[in-house]
Structures are given as C-alpha cells and as structure tokens.
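Working notes, structure below.
Read the figures in this text as sums done on the coordinates, not as results from a lab. Since the model is a prediction, treat every value here as computed from it, not as a measurement. In this analysis, Cβ positions are derived from the backbone assuming ideal geometry, glycine residues included, and neighbour counts consider all displayed protein chains.
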Amino acid sequence: MGKSCQKYAKLVSESLDRPLNLVEKIKLRIHLWMCAYCSGFLRNAQKLRSFLQEDQEVSPPLPPQKQQELKKLVQKNIEEGTDSNPPPDE
C-alpha cells in the first residue's frame, strides 16, 4: 500500500465518523474508482461499522479505553498495510 493509499484509507475511516467536505468526497471517489485495495478497505470498514452498530443493540458499547485501543490497532493496520481480506491469488 502506497502513501496515497494510506491517506485515502484514513479518509475512508474518517468518512464513517464525519461528513466529508466536497473536495474530500470527490478526491476519495476518484481514488476508489481507480484503486481496488482502497475500495475493498471501504467495503470492509462499512461491514465492520454495520456489524458493530448491530452488536450495540445487543451489548453495551465498549468502554472508552477499549475504544481507543481498537482505534489504535486499526490505525496501525492502516499504516502497515495490513488487510484482513487480501486479494485472491490469480
């Protein structure tokens, strides 16, 4: 994963927590159109968010300390280019 992908992976994560401005939306959409890795990252992030929202209906939210630990782990994976669903071998 290149530096631009790291930047856009971070923007994908931010887009789940806050509305992006128009320039951010356009740049992200263009990048996602061209980059299969980041498109997959977006799909996985959306699935994870959906799962976590469903889970909150059943269980209490994580304590703030655990939320921070999880956020740091996700950020570390973004920076290292770790992907839980690597592309299939062709």
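Taking label positions 7 Å along the Cα-Cβ direction at both ALA36 and GLN53, the computed distance is 2.9 nm, reported to one decimal. Taking 23 Å as the straight-line reach from the Cα of LYS71, the lysines in range (excluding those fewer than 8 positions away in the same chain) are LYS3, LYS7, LYS10, LYS25, LYS47.
For region 67-74, putting each phi into the Karplus relation 6.51 cos²θ - 1.76 cosθ + 1.60 with θ = phi - 60° gives couplings of 4, 5, 4, 5, 4, 5, 5, 4 Hz, in residue order, rounded to whole numbers and with x for Gly and Pro. Computed packing ranks the peptides 6-14, 33-41 as 6-14, 33-41, most packed first, by mean other Cβ atoms within 10 Å. Residue by residue, region 2-15 carries 3J(HN,Hα) couplings of x, 4, 5, 5, 4, 4, 6, 5, 5, 5, 4, 4, 5, 5 Hz when phi is fed to the Karplus relation 6.51 cos²θ - 1.76 cosθ + 1.60 (θ = phi - 60°); x denotes Gly or Pro. Phi angles across region 24-34 convert, under the Karplus curve 6.51 cos²θ - 1.76 cosθ + 1.60 with θ = phi - 60°, into 3J(HN,Hα) values of 4, 4, 5, 4, 5, 4, 5, 4, 5, 5, 9 Hz, Gly and Pro given as x.
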